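The values are calculated or read from the model by the stated rules, or taken from the named source; none is laboratory data. Everything numeric here is computed off the predicted structure, so don't read it as measured data. Every residue, glycine among them, receives a Cβ derived from its backbone with ideal geometry; neighbour counts consider all protein chains shown. Please note that ligands, DNA and RNA were not included when accessible areas were found on the heavy atoms of the full protein model with its side chains. Shrake-Rupley method; radii C 1.70, N 1.55, O 1.52, S 1.80 Å.
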Amino acid sequence: MSLGDYNRLLVPISEQDHIQGLVSTSVTLVQYGDYQCSTCGETHQLIKAIQQQVNDLCFVFRHFPQPQIHFYAQRAAEAAQAAATQGQFWQMHDILFTHQQALGNGDLVEYANNLGLDIPQFLQDISSQIHIARINQDIKSGLHSGVTAAPALFINGIRYTSRWNIEQLMAAIVTASH
């Protein structure tokens, strides 16, 4: 593997991914994220702001929990996946980033309840850990592309390495769209 490979997204987007927008758009932004990581929370706000300004942005979120430093990250990712099976991934995704300081089991159930999810099913999914393989697949795809920590962003398959502010990120997205 050459050094250049570590700046590329090596696992293509598939229907397995969590996608907002159309894959056929001119700019695809892929984020590897951890629900408990504060920088990921800031990145979430950045991406939300950019989505309001860029109409044809395709945004893909992939899980990259770092349980060695974020105790609740893995369980939060499982909660997002459990919500996904009930068609509410993005709603849960937003709640988890909005409430990063409250990701305990009781909090997750409360969020699921607020979204009107089937709670017995949600609890069953989490207790049986059926979503761990799917989350590990995201992690593996990140590691394969040289991701060692969250957040990591790729714009049209190229690792974003500039400063994490709206101006720089927006400029990179505009450049990629041409």
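Before I look further, what does the stretch 28-118 give for accessible area per residue, probe 1.4 Å, in whole square angstrom? Present the calculation step by step, with values, prior to reporting the outcome.
Details: 3620 Å² over 91 residues.
Per residue, the stretch 28-118 has 40 Å² of solvent-accessible surface.
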Requested in this report: Measure off 7 Å from each Cα along the Cα-to-Cβ vector at S26 and N136, then give the distance between these two points in nanometres to one decimal.
Outcome: 4.2
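When N counts the residues of the chain, how does its alpha-carbon radius of gyration compare numerically with 2.2 N^0.38 Å, as a ratio? Could the numbers behind the result be given before it?
Details: Rg = 15.9 Å, N = 178, 2.2 N^0.38 = 15.8 Å.
That works out to 1.01 for the chain.
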Query raised in the report: Leaving out ligands, DNA and RNA but keeping every protein chain, what accessible area does Y72 have, in Å² rounded to the nearest 10, with a 1.4 Å probe?
Result: 90
Query raised in the report: When the accessible area of the chain is split by element with a 1.4 Å probe, what percent falls to carbon and sulfur?
Result: 51
Report summary line: Within the set T85, T43, T28, GNM on the chain using Cα springs under 10 Å gives the largest fluctuation to T85
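Hey, what did the stretch 63-130 get for relative contact order, percent, Cα under 8 Å, at least 6 apart?
Values: 51 pairs, mean separation 21.7, N = 68.
This gives 32 percent for the stretch 63-130.
Which order do S38, S145, S177 take when ranked by solvent-accessible area (1.4 Å probe, heavy atoms of all protein chains), largest first? Display every interim value, and only then the final one.
Values: S38 70, S145 0, S177 45 Å².
Largest accessible area first, the residues go S38, S177, S145.
Relative to the Cα centre, what is the charge dipole magnitude of the stretch 21-178, using +1 at the beta carbon of each Lys and Arg, -1 at the beta carbon of each Asp and Glu, and rounding to the nearest 20 debye? Provide the component values of the computation, followed by the final result.
On the way: 7 positive and 11 negative charges, 88 e Å.
It comes to approximately 420 debye.
Taking a quarter of the surface of the convex hull around the Cα atoms of the stretch 103-178, what do you get in nm²?
Average projection, Cα convex hull of the stretch 103-178: 7.5 nm².
Could you report the stretch 126-178's accessible area per residue, 1.4 Å probe, as an integer in Å²?
Details: 2780 Å² over 53 residues.
Spelled out: the 1.4 Å probe surface of the stretch 126-178, per residue, equals 52 Å².
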